[in-house]
Each structure stands twice: as C-alpha cells, then as structure tokens.
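**Student:** Please find one structure pasted underneath; my questions will follow.
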Amino acid sequence: MPNLPEQGLRSVPTGVTVRVSVPATSANLGPGFDSMGLALGLRDDVEVTTVDKGFSAVVQGEGAGTVPTDASHLVIATLRGYLLERGWKVPGLELVATNRIPHGRGLGSSAAAHASAILLADALLPEDERASAADLLNAASHLEGHPDNVAPALTGGLTVSWEEDGRYRSSAMRPHPAVVPVVAIPAQPLSTETARGLLPSQVPHHVAAANAGRVGLLVHALTQEPSLLLAGTRDWLHQGQREPAMPESVGLVRDLRQQGLAAVVSGAGPTVMVLADGMDQAGRARAALQAGLEGSAQPWRVSILPVDAAGAKVETHRSGQPISG
C-alpha cells in the first residue's frame, strides 16, 4: 500500500507480536443467501510483529508461492488501512501466515483474511483505543462486502447477519450438537465474482417467499431439530442459477439430496457441504460424496469437519511480557 498519508499520526510501538487464529466458514447454507454462516474446524493462523521498517510476509500452506509477500499482502494492506482510519501508523511489519483454508473454494478464506487483519490491527492499539466487538464486525464486513462469512469467523458457531442503517449486525446461535458438516473440496477454485455474475437482478415473488420460509425452517433445524435439515436447506434463489460455473458441484448437490442428504453449495462454491444429522449420517454422507466423485476430472478432498464454536482467537505479546489472550 504505497504513499499512505501517515504524517502526523501516532505510531504503534515496535517489538509487539500479535497472533490470531480464525476459522473457515460456510455461508448461505442453502436458502440463507448473504445472511447465514457456520464456522468450521479448519483454521488460518497469522502472526505479525511490529518492526522499525519494512513490510514482509512468509506464507505457509494454502497460497504459498502465489500470494504477495510484501506490503501488498492482503492482511498487511488491510491492517495498515484500518490503523490509518483509527489515526495510527505502523513503521514496519513481519507477518507469518499458516493457511489451511483453501482459497477460492467457498470456505471463507477472504473473510478470514479481513477478520484477521482487523483483529491484529485492533490488538496493536492501546487497550483504551480498542474497538467493540460490534465495531470490529462492522469494519471487517464492510471490507468483505457482506457479513455472512465474517460473523461466524469472529464469533464461531451459527450466525444470522443483516445490514441496518449502513451498519452490519449479527446474532450468534449454538448449533445442535448433532449437526456434523461434511465437505468435499475440489482442487480447482472458482471466483466469487464469476459465481455472483450468474445471479439474476430480480426474482419472482413466489421464489423469494419460498426461500424466506426455508430460512426460518433452517434456523430451527440447525439449532433444535436436525432431522429437518434436508427440508431446511432447500434453495431456489442462487444454487441452480450458478450451475453453469460449477456444473459438477451443483449436480453433486442434486444427487446427494435425492439420497436424503442435506447437501448445499458452500458459499459461492465450488465446495459441496452436507449438513449431517449425527455421526452415522455423516459417515454415510462421506461415502456418498466419495462415490459421487469417482471419475471426476479433478481431485477432491472429502472431510468431516466439526462446527467451530470458539471463533477467532487473539494473543498479544509485548517485549518482555508473556503471550496473553
């Protein structure tokens, strides 16, 4: 981020290390388009240390060798921009990222990066300058463009989010313990912009009404009655419309649902997720996914992932002091 207007700003002290761990997320969950999200047990870990000058990044795991390792790294650039908005500057940063969330697969990698950057920046500020949880959610959601992935990344669990008077808000819920996500992650990514570009600008009233009803049912199924997950995940609003961009994923969802499994496209895709009712059904879902992907032209990873209940975790170390939460 060159030519930042940093003159006259307060400077974050050097010798401070902040670590943040942020979970993967799955948004939409079928009918909850741009509003519902679930945190998953797969995490990116990012650590930054403030130094006298220079901006550098070491990236391990997902994105290694492809994402920038200088000041243009998304987390570094976002962190600096947020600090500027708060009236602060940072003279230099060394970043180390261990990425486990696949990029461009519909598992919230960009939301995790934006949430990481905002949390890291906020933790670098004096305690009396730090933002509220609501303000952190709003800031990260504005960067992401919508809150459906950001909210569960921050709080963990299941979230329903909305925009009101220019601010993003969210309500967190505890999923029923029987809910077990099973994911199939393809090797090839898909651009969110490509997937969104296939959506119509208007939908018929009966489609909107049908989807609204299933969202209400989905909240009940996820929190109270997992046996209703198949009905609760029915969508008319976006998954079928995106089939030209990911025919294999949408076809797999259709086949799995015919087998009685609550399959959805995760986020903008192309990952496919089944929301299973208990471990026995999760095992059946994993087998069905593997069978449905036999002969695919690309490799897929099929995994049972727990719901992440903790959300983002932040630790801070100042020179001569131990790490603290």
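**Student:** Would you mind counting up the charge near Ala113? Only other residues with Cβ under 10 Å from its Cβ, with Lys and Arg at +1 and Asp and Glu at -1.
**Tutor:** Local charge sum for Ala113: -2.
**Student:** How high is the FRET efficiency from Thr66 to Leu198, r the C-beta distance, R0 41 Å, rounded to 0.05?
**Tutor:** 0.95
**Student:** What number, rounded to the nearest 500 deg cm²/dmol, is the helix-based mean residue ellipticity at 222 nm of the chain, given -39500 (n - 2.57) per DSSP H run of at least four residues and division by all its residues?
**Tutor:** -9500 deg cm²/dmol
**Student:** Could you work out how far apart the two model spin labels at Thr49 and Ser171 are, taking each label as a point 7 Å from the Cα in the direction of the beta carbon, and quote it in nm?
**Tutor:** Roughly 4.5 nm, to one decimal.
**Student:** In percent, how large is the relative contact order of the range 1-67, given Cα pairs closer than 8 Å and 6 or more residues apart?
**Tutor:** 31 percent
**Student:** Can you give the FRET efficiency for Gln188 and Ser227, using 1/(1 + (r/R0)^6), R0 = 56 Å, r = Cβ-Cβ distance, to the nearest 0.05?
**Tutor:** The computed FRET efficiency comes out at 0.95.
**Student:** Right, something else. At 0.36 nm per residue, minus the direct Cα-Cα distance, what do Ala309 and His206 gain on full extension? Give it in nm, one decimal, please.
**Tutor:** Between Ala309 and His206, full extension yields 33.6 nm more.
**Student:** Treat every Asp and Glu Cβ in the range 142-198 as -1 and every Lys and Arg Cβ as +1, leave all other atoms uncharged, and give the resulting dipole magnitude about the Cα centre to the nearest 20 debye.
**Tutor:** 200 debye
**Student:** Among (i) 21; (ii) 17; (iii) 48, which is the computed percent of Cα pairs over 36 Å apart?
**Tutor:** Given (i) 21; (ii) 17; (iii) 48, the calculated one carries the label (i).
**Student:** Can you tell me the relative contact order of the chain? Whole percent, Cα pairs under 8 Å, sequence separation 6 or more.
**Tutor:** 24 percent
**Student:** Rounded to the nearest Å, what's the spacing between the alpha carbon centres of the range 246-304 and the range 127-198? Just the number, please.
**Tutor:** Here the two parts' Cα centres lie 22 Å apart.
**Student:** Suppose R0 equals 25 Å. What FRET efficiency, 1/(1 + (r/R0)^6) with r the Cβ-Cβ distance, do His317 and Val58 give to the nearest 0.05?
**Tutor:** Calculated transfer efficiency: 0.90.
**Student:** Follow-up question, since we're still on this one. Considering only protein heavy atoms, with the full assembly of protein chains and a 1.4 angstrom probe, order Ser141, Ser35 by accessible area, largest first.
**Tutor:** Greatest to least solvent exposure: Ser35, Ser141.
**Student:** Tell me, what is the 1.4 Å probe accessible area of Leu198, in Å² to the nearest 10?
**Tutor:** Taking all protein chains as shown, Leu198 has close to 70 Å².
**Student:** Rounded, prolate or oblate for the range 176-316? Axes are the square roots of the Cα gyration tensor eigenvalues, ordered a ≥ b ≥ c, and the cut-off for rounded is a/c under 1.5.
**Tutor:** rounded
**Student:** Still on this structure, I have one more. Loop only per DSSP, at most 16 neighbouring Cβ atoms within 10 Å: give me the GluC sites (Glu not before Pro) in the range 218-325, ordered by residue number.
**Tutor:** Here the GluC sites (Glu not before Pro) that fit, given the DSSP loop and packing criteria, are Glu294.
**Student:** Run the quick spin-label model on Asp255 and Asp128: label points 7 Å from Cα toward the beta carbon, then report their separation in nm to one decimal.
**Tutor:** That separation, rounded to one decimal, is 6.3 nm.
The values are calculated or read from the model by the stated rules, or taken from the named source; none is laboratory data. Just so it is clear, the model here is predicted, and its values are computed rather than measured. Please note: Cβ atoms are built from the backbone with ideal geometry, for glycine as well, and neighbour counts cover all protein chains shown. We work out accessible area using only protein heavy atoms, side chains counted, and drop any ligands, DNA or RNA first. Shrake-Rupley method; radii C 1.70, N 1.55, O 1.52, S 1.80 Å.
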